[in-house]
Amino acid sequence: MNQINAFGNTCLARITPLFFILSLFFVTTVQAQQTKDPDVIGRWDLTVEKGGKSLPSWLEVQKSGTHTLIGRFCYAFGSARPVSQVMVNGGKFSFSIPPQWEEGTRNMDFEFEANGDAIHGTMVYTDGQTYNWTGVRAPTLERGKPVVWGKPIRLFDGKDTKGWHTDGNNQWVVENGILRSKKSGANLISDKTFTDFKLHIEFRYQQGSNSGVYLRGRYETQIIDTKSGEPEPLANQFSAIYGFLQPNKMMAKDPGQWQSYDITLVGRTVTVVANGRKVISDAIIPGITGGAINSKEGEPGPVFIQGDHGPIDYRNIVITPAQ
């Protein structure tokens, strides 16, 4: 009997540490599973209040590895640029990025907090001044049902600019059925707004010129004099969704020739056919591009034609909206 008790006590002495180790492992695993990613992770539609103007911007924050936060940021102009690290300190987040097209040489410094679907913070601009900004979580824009297309609408009748307005002094004219901006000036914006659509548009640029077609007024399909046959098309060149999506082949023609885009936008999913070639296929647009009319991605938006970057001609602008 004493031998049995001794054996039992020995087994118990051996099992107890093992049980403790297993329990500790279980608790640690549960705690790890319960650890929640910070609310800041995701994509955000921002509005920066600067100099009496509300400037649309965009921020994405994501995890790199187990705990490091990185991201991308797009200001009111220019393209989305990488954020090498988003720092965390006492529930507040911050990052710093060098200037892109902004005047000055100092970095732009951001500090902010996120709570649920809201975000707010400050930006120290390249002029050293501090500005406030707020934001909301960007919508997914997923369509629940298949698209049913409506009737095509001719946005430009070849006679005048009825149905359009500008964001400044108007330099756009109509000559021989062609919509022309002969010099840099105001952007041209359709009066009508749209959600999902198919767009056909034809354009012609001079050597060295630059324009763009903004889908819903927020996502720029780049139009720029680009050398045909470039081996590695870039996300800021012809037929790209500026700063985000690069074409799979450079289809640009020489300056002075008429060219065309056929663009389908459903939610965030875009397909671009440039001069008869599908160069972007069912790709997701992450967020607004520089120069967007606003950051309200969940709302319908206009067709917005860039006229502030050089001479440009357009014709045959036809949109087929979703019902």
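Quick one: is residue 7 open to solvent by less than 40 Å² (accessible area, probe 1.4 Å) and either out of contact with any Pro (no Cβ under 7 Å at 6 or more places or on another chain) or at pLDDT 95 or above (or both)?
Criteria not met by residue 7.
Quick test for you: out of 137, 143, pick the one residue that is at pLDDT below 95 and either under 21 Å from the mean Cα position of the chain (by Cα) or among the polar types (S, T, N, Q) (or both).
After applying the criteria, what remains is 143.
All but one of (1) over 21 Å from residue 153 (Cα atoms); (2) open to solvent by 10 Å² or more (accessible area, probe 1.4 Å); (3) assigned to a loop (DSSP other than H, G, I, E, B) hold for residue 278; state the number of the condition that does not hold.
Of (1) over 21 Å from residue 153 (Cα atoms); (2) open to solvent by 10 Å² or more (accessible area, probe 1.4 Å); (3) assigned to a loop (DSSP other than H, G, I, E, B), only one is false for residue 278: (3).
Within the range 48-62, can you find the residues that are open to solvent by 80 Å² or more (accessible area, probe 1.4 Å) and either in contact with a helix residue (DSSP H, G or I) (Cβ under 7 Å, 6 or more places away or on another chain) or at negative phi (or both)?
49, 53
Quick check on my filter: what residues within the range 144-158 are surrounded by fewer than 12 Cβ atoms within 10 Å (Cβ to Cβ) and among the aliphatic types (A, V, I, L, M)?
Listed by number, the list holds a single entry, 148.
Per-residue answers, yes or no, for (1) open to solvent by less than 10 Å² (accessible area, probe 1.4 Å); (2) of a type in the set (Ser, Thr, Tyr); (3) part of a strand (DSSP E or B):
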residue: 183; (1), (2), (3): no, no, no
residue: 192; (1), (2), (3): no, no, no
residue: 200; (1), (2), (3): no, no, yes
residue: 214; (1), (2), (3): yes, yes, yes
residue: 226; (1), (2), (3): yes, yes, no
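When the range 238-272 is examined, which residues are found to be open to solvent by 10 Å² or more (accessible area, probe 1.4 Å), part of a strand (DSSP E or B), of a type in the set (A, V, I, L, M) and touching a strand residue (DSSP E or B) at 6+ places or on another chain (Cβ under 6 Å)?
Residue satisfying the conditions is 245 alone.
Out of all the residues in the range 283-290, is one or more open to solvent by 20 Å² or more (accessible area, probe 1.4 Å), touching a residue at least 60 places away in the same chain (Cβ under 8 Å) and closer than 27 Å to residue 100 by Cα?
no
Which of the residues that make up the range 168-181 are without any contact (Cβ under 8 Å) to a residue 60 or more places away in the chain and either of a type in the set (Ser, Thr, Tyr) or surrounded by 14 or more Cβ atoms within 10 Å (Cβ to Cβ) (or both)?
170, 174
Take residue 172 and decide whether it is over 19 Å from residue 288 (Cα atoms) and in contact with an Asp or Glu (Cβ under 9 Å, 6 or more places away or on another chain).
no
Is there any pair with a first residue in the range 84-110 that is charged (D, E, K, R) and a second that is modelled with pLDDT of 95 or more and in a strand (DSSP E or B) whose Cβ atoms are under 6 Å apart and which are 6 or more apart or on different chains, and what are they?
92/113; 109/96; 109/124
Restricting the first residue to the range 123-143 and requiring it to be within 28 Å of residue 269 (Cβ to Cβ) and of a type in the set (Asp, Glu), which pairs with a second residue that is surrounded by 15 or more Cβ atoms within 10 Å (Cβ to Cβ) and at pLDDT below 95 meet a Cβ separation below 6 Å and a spacing of at least six or different chains?
Close Cβ pairs (under 6 Å, with a partner that is surrounded by 15 or more Cβ atoms within 10 Å (Cβ to Cβ) and at pLDDT below 95) do not exist here.
For the range 87-98, indicate whether the set of residues that are within 24 Å of the chain's Cα centre (by Cα) and in a loop (DSSP other than H, G, I, E, B) is non-empty.
Scanning the range 87-98, I find at least one residue that is within 24 Å of the chain's Cα centre (by Cα) and in a loop (DSSP other than H, G, I, E, B), so the answer is yes.
Restrict the check to the range 163-181 and report whether at least one residue is within 27 Å of the chain's Cα centre (by Cα) and over 30 Å from residue 258 (Cα atoms).
No: zero hits.
For residues in the range 128-143 being part of a loop (DSSP other than H, G, I, E, B) and open to solvent by 80 Å² or more (accessible area, probe 1.4 Å), which is nearest to residue 43 (Cα to Cα)?
140
The values are calculated or read from the model by the stated rules, or taken from the named source; none is laboratory data. Please read these numbers as outputs of a predicted model, since none were measured by experiment. Virtual Cβ from ideal backbone geometry, glycine too; neighbours counted across all protein chains shown. Note: accessible area is taken over every heavy atom of the protein model, side chains too, but ligands, DNA and RNA are not part of it. Shrake-Rupley method; radii C 1.70, N 1.55, O 1.52, S 1.80 Å.
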